[in-house]
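K.L.:
Below you will find the structure I want to go over with you.
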Amino acid sequence: MNKRLHNRLAFIIIGTAACILLISALSVLLATHYHISMYHDQAESMNHDVSGLDYHLEQALIQSIIWTFAGSIVLAALIGFYFAKRISKPLVNMKKIAESMANGQLDKRITVNGEDELAELALSLNELAAQLHKQEQLRVIMTEDIAHELRTPLATLKSHMRAFEDGIWEPTPERIHACYEEIERLTKMVAELEDLTHMDSPVFQLVRKQELLSALIQQVVAIVSAAYLEKEVNLTFRCSPHIRIFADHSRVTQILVNLLSNALKFTPPNGQVHVEAVEEGHDVLIRVHDTGSGIEKEDIPYLFERFYRSDKSRNRRTGGSGLGLSIVKKLVTAHGGQVWAENQNGAVITIRLPQKSDLH
């Protein structure tokens, strides 16, 4: 590829220069011959013997033109090969880097020189390599996290089943219920992974229409109220009854359930979780504020990534699958909204959703 690209560019430049020089040389030769012939005719009419002068003059002109033509060809060849090498070198380097990336070496980068189109292409390839490297790292981390998430409940189930089989344990309702909880966690995690995969697919679509936000929040509060009562956490909400959003009813319900379930995990008994919705321009801001310990500053940028946990030491039972907030971000983005986290005497998760259709 290197030699072919280099020679191709060189032949293009040399061929172009040679054609121009050939046309110029033929024009000069024809014109010189024509004028020498005219001079010869005029000299004969004046009875002067200038045949020797004609010969030397014509030879001198022809030789000078030939040497000029040959020198121009050599010069064009040198310039052509030089510039062809200069042009082809970064392209060949980019090809080598792209081949290395294809072979899995995603840490390779192209040295960028200049500010022309080739430099812009090199920058684009470097950015592509960086994105691919990041995605590959996330894929590896996600695979490890999935394996880890599956390993713990499966190991628990295996030990319980072996104990039942060997007669070490009696299959009491409590132990059977513990197995059921592990199966339930596995089922929930698989369902969340399927949901995330579906959201990433091109066929994923929202069924959006105008919805009364207060009715939506009230419905979600009713769904999670039992879990809040069990942990003795107070759940309140405030929303004007006239606020509407243009959204998918079931998906916004899923967003709010995930946010309130996440807030409940980190709110201690006798704590409080408050949901508030306010209008801001053509959007609605929905805030979920809990009185837990808040979010570490270094964890905020990664809070919505898959399987991310701010507290690495807590067990799987209290930690969940680490997919809830990832689903929230996917769904909010699909609605054309935004979601972010901050600390205000506890954790505050805020989502921004449009009130009207983008078509209006």
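K.L.:
Compute the length gained on full extension between residue 227 and residue 159: take 0.36 nm times their separation in residues and subtract their Cα-Cα distance, giving the result in nm to one decimal. Could the numbers behind the result be given before it?
P.N.:
Working: separation 68, 0.36 × 68 = 24.48 nm, distance 2.88 nm.
Contour length minus the Cα-Cα distance gives 21.6 nm.
K.L.:
Cross-link candidates for residue 158: which lysines have Cα within less than 20 Å, leaving aside residues fewer than 8 places away along the same chain?
P.N.:
188
K.L.:
From the protein chains alone at 1.4 Å, what is the descending order of accessible area for 287, 352, largest first?
P.N.:
287, 352
K.L.:
If the limit is 27 Å between Cα atoms, which of 134/356; 265/297; 134/297; 329/356 go over it? Mind showing how you got there, number by number?
P.N.:
Working: 134/356 35 Å; 265/297 19 Å; 134/297 22 Å; 329/356 20 Å.
In this structure, 134/356 lie more than 27 Å apart at Cα.
The values are calculated or read from the model by the stated rules, or taken from the named source; none is laboratory data. No experiment lies behind these values; they were computed from the predicted model shown. Heavy atoms of the whole protein, side chains included, go into the accessibility calculation; ligands, DNA and RNA do not. Shrake-Rupley method; radii C 1.70, N 1.55, O 1.52, S 1.80 Å.
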